[in-house]
Every structure is written in structure tokens, then in C-alpha cells.
Amino acid sequence: MIYLSKGIVKENSTEHLLQVVRCGQEYSLSGEQAALWLNGRLEFSQAKTESEKRTLGHLVRMGLTETEAENTDVARYRILTQCICCPAVNTKPEFFLGHAEKETLTWLRNAGIRLTVAELIFLREHKIRPEPRYLHSENRQALVEAIYTKNTIVDNCLEQIMECAECRDETVRILLGLLKKKKLIVL
């Protein structure tokens, strides 16, 4: 079973008592809960023992992790579709980011809407660049119209279509790279 943790660690956390905030709720984690959550904070992790799987089930019910039974590329995509990817408030320079990472971060920071993983994949798949005509709140309608057509507007249709996109795995890797570099927060 693979999983990814959701939320933000509060500054006053210790190794014995981990304080995690997600969607305005604060959670206190310790022991196996804290260890599992930290293992899935910056990358996909695996629960191997029955005890870990039970603890992970509790974290899922709390809304602090997303899981899939199999360790596959499709499973990683599906987990990310259940998450909100937000740019981290980070003032560190972005010298070490690749072109694709910078482009994805530009979309996340400046789109004027909160983009889903499926929408980010759609933008990469259709080679839509973060140009001024699509950026910021005054251009959000143009961005929405570029992504959603009569074929993709139905609920979850875009997620299903993008599950088969050629650039799906590459986009997932880009998002994970940003997560590991602490440029992205998963909620």
C-alpha cells in the first residue's frame, strides 16, 4: 500500500509530538502515526506491516494521507488527484529548478485558480504555456475555457482522460520533485 501525506507541520512540533495543520484543523501525532506521516511528507511511501496499515487507515480517516493499494504509476496519479497542490511560501532562490519545474510552479502560483493535477497534465499535454493571457485572476476565464470543453466539462471526466495522457508520469515526477525541494505543499 502506497501513500502520500497531506498537511503542514507546525513550527512548534517536536520529534515526540508532531503538530500537523490541514484545512484549518490541527492534529497531534505521535509514535507510529507521526513516523508514517513524516515518511510520506515529501514522497510516496509504503505501509508494509499490518500495524502500519491500520495506523495509515486512521490517518486516512483524519484526512492526513491518501492511499492506493498498488505501487504503480497510475496509483501515484490517482493519489495526487485527491490532493490539492499548493506552492509553498518560500523566498529561497529557484536556481536549481529545471524548466518544467519552473513552468509548473508558475502555473500553480499565477493561474488565478487552484489547478488540479489533471489540469496541470492537460496543460502540459496540450503544450499550453503559462503566458500572460492565461495568468492571474483577470484571465482565469480564458484558462478555464482552454482546459474545459464539452468533452471534458463533465465531473471527473478530465481526471479519467488525463489518467491515459502521455505526460502523466512526467508531470507526477515534476510535482514530486517540487515537493522534495519544498516548493510545493500537499493538502
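The values are calculated or read from the model by the stated rules, or taken from the named source; none is laboratory data. Computed from a predicted model, the values in this text were never measured in an experiment. Positions of Cβ are generated from backbone atoms using ideal geometry, with glycine treated the same way; all protein chains shown enter the neighbour counts. Remember, those area values only see protein heavy atoms, side chains included, never the ligands or the DNA or RNA. Shrake-Rupley method; radii C 1.70, N 1.55, O 1.52, S 1.80 Å.
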Solvent-accessible heavy-atom area per residue, rounded to whole Å², over the chain at 1.4 Å | 55
Rounded to the nearest 20 Debye, what is the dipole magnitude of the chain about its Cα centre when Lys and Arg each give +1 and Asp and Glu each give -1 at the C-beta?
-> 420
Roll a 1.4 Å probe over the protein heavy atoms and report the accessible area of residue 29 in Å², nearest 10.
-> 0
Calculate for the chain the 222 nm mean residue ellipticity that helices alone would give, adding -39,500 (n - 2.57) per DSSP H run of length 4 or more and normalising by residue count, nearest 500 deg cm²/dmol.
-> -12500 deg cm²/dmol
With 20 Å as the limit, write out which pairs from 102/127; 102/150; 53/183; 48/181; 10/181; 6/182 have Cα-Cα distances beyond it, or answer none.
-> 102/150; 53/183; 48/181
Sequence-distant or interchain residues sharing an amide H contact under 5 Å with residue 10, placed H: which?
-> 19, 20, 21
Among 47, 146, 118, which one moves the most in a GNM of the chain with springs linking Cα atoms closer than 10 Å?
-> 146
Exposed-loop-free span, longest in the chain, where chymotrypsin sites (Phe, Trp or Tyr not before Pro) count as exposed if DSSP calls them loop and at most 12 other C-beta atoms lie within 10 Å = 1-94
Size of electric dipole in the range 46-85: Cβ of Lys, Arg +1 and of Asp, Glu -1, about Cα centre, debye, nearest 20 = 120
At a probe radius of 1.4 Å, what is the per-residue accessible area of residue 102, in Å² to the nearest 10?
-> 90
Note, ³J(HN,Hα) from phi for the range 181-187, Karplus 6.51, -1.76, 1.60, rounded to Hz, x at Gly and Pro | 7, 6, 9, 9, 10, 9, 10
With charges only on Cβ, +1 for K and R and -1 for D and E, what is the dipole size of the range 81-152 about its Cα centre, in debye, rounded to 20?
-> 20
